Amino acid sequence: MRKTIRTVALAIAASGMAMSAFAGKGGGTIPADVSKKSRNDNTVYAGINWNWGAREGATGVIGFRKAKTKSNNNVQGGKIEATIILSGAPVGFGELKLKGLAGSRSTQGELGLGFGHQGFLATGGVQVPYANAGTDYVFGKGWQPYVGVNTLGKTKRARETLSCPSGYTLNGSDCLEDFD
């Protein structure tokens, strides 16, 4: 029994010394530095617009959006879209538009030019996730406002990268001090 008590006491003492030998090792943790980088979001989309004014009726839309989300999540880019008249005039080619866009990930303003079966036009509008509204001014014919739905959601977020200062190693979202 005495031998068992002595063995347990020695084991406790040894583990206590070992723990004190490692005290202060491994240092602390600090949060990782988060930086954001711009990101491109290039998307083909489709939709339908309802027009009134110079021409009333439905228009099918197919387009391509080239957008760049900056590190502050502001967005700039452009769109090219072609429309097909579905009602309100003979079915066929509607317009071809080239637009610049700027705004946030969820709301972009648009301005552009185009041409179509009624002539040259200037266009302006707003795009929100899965919906848009605006107006075309068809030279010699007048205003042609529209509202529509499409497959464009929010643009992608800016990329986030994590980094640690010198002497630290990234572990998840924290920086652990290196053992040297």
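Sorted on the mean count of surrounding Cβ atoms within 10 Å across their residues, most packed first, peptides 125-131, 80-86, 164-170 read 80-86, 125-131, 164-170. Scanning residues 5 or more positions from Ser71 or on other chains, those with amide H under 5 Å from its amide H are Ser38, with H placed 1.01 Å from N in the peptide plane. Our coupling estimate for region 147-155, obtained by passing each phi through the Karplus curve with A = 6.51, B = -1.76, C = 1.60 and θ = phi - 60°, is 10, x, 10, 7, 8, 8, x, 5, 6 Hz, Gly and Pro reported as x.
Taking 17 Å as the straight-line reach from the Cα of Lys37, the aspartates and glutamates in range (excluding those fewer than 8 positions away in the same chain) are Glu160.
Considering only Gln127, Ala89, Gly148, the residue lying farthest towards the positive end of the dipole of region 38-159 is Gln127, judged by Cα position with unit charges set on Cβ.
Read-outs throughout are calculated quantities, based only on the coordinates presented, and are distinct from any laboratory measurement. All values derive from a computational prediction rather than experimental measurement. All Cβ positions, even for glycine, are placed from backbone atoms using ideal geometry, and neighbour counts span all protein chains on display.
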